[in-house]
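The values are calculated or read from the model by the stated rules, or taken from the named source; none is laboratory data. Note that this is a predicted model, so its numbers are computed, not measured. So basically every Cβ, Gly included, is an ideal-geometry build from the backbone, and we count neighbours across all protein chains shown. When the accessible area is computed, the model is the full protein with side chains, heavy atoms only, and any ligands, DNA or RNA have been set aside. Shrake-Rupley method; radii C 1.70, N 1.55, O 1.52, S 1.80 Å.
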Amino acid sequence: GATALLGAAAVLAVRRPARQSGGVERALGLDLPLWSDTGRVLRWSLLLLLAQSATIVLARLAVPALRDVPVDNSSFLRDQGPLALVLLAVAAVLVAPVLEELLFRGVVLRGLMLRTGFWPAAVASSVCFGALHATAVGLDGLPIVLATGVFGLGLCVLTRRTGRLGPAIGVHSLRNALAVATVALG
């Protein structure tokens, strides 16, 4: 729900500037993943999983209080019935990646890049992305914020390298699908 509202607000906010640059699709690099993106999506999914894992290991080594804090923002799915789980899976795999990539890598990243350059914009976008996915505050929320922030930073780099949101949407969808499948089957 919150992601949908943020996505709608983002689209409304960029309508006028986007018209001036040839449309929302052109201004934000908005497109859906193509079949030709499959290899890139798989490689980047694995790369970002490794980067997130390394980040969590380093954070737990640096901050002993984090050693027992779970890195999980999908455990609430375990308490859902089959219909709710299917609806949440559709939202997590098909809707959220499109809206979140549009907002964080389309609007926020590209908008901030006009003022700050790539790296400051990517870090700011990724911090916001990580914070949106927090399931707790304080140290209990830090591991998921760090892991999701690193994931977001990788998606910023992918978006910059391709000039499109499609590959980032593909990576995001695949990762959400794996998270939902892990919870549903576990």
* Could you do me a favour and compute the accessible area per residue for the range 27-186, 1.4 Å probe, result in Å²? => 52 Å²
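If packing is taken as the mean number of other Cβ atoms within 10 Å per residue, what is the order of 78-84, 145-151, 108-114, 67-73, highest first?
The most tightly packed comes first, giving 145-151, 108-114, 67-73, 78-84.
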* Asked: How many percent of the accessible area of the range 62-144 is carbon or sulfur, using a 1.4 Å probe?
  -> 70 percent
* How far is it, in nm, from the label point at LEU114 to the one at ALA177 when both lie 7 Å from their Cα along the line to the Cβ? -> 3.4 nm
* Based on the mean of other Cβ atoms within 10 Å per residue, sort peptides 90-102, 50-62 so the most packed one is first. => 90-102, 50-62
* Structure fact -> Length gained if LEU49 through VAL127 is fully extended, taking 0.36 nm per residue and subtracting the Cα-Cα distance, is 26.3 nm
* Asked: Which shape class, rounded, prolate or oblate, goes with the range 38-145 when its Cα gyration tensor gives a ≥ b ≥ c as root eigenvalues, a/c under 1.5 marks rounded, and past that a/b bigger than b/c marks prolate?
  -> oblate
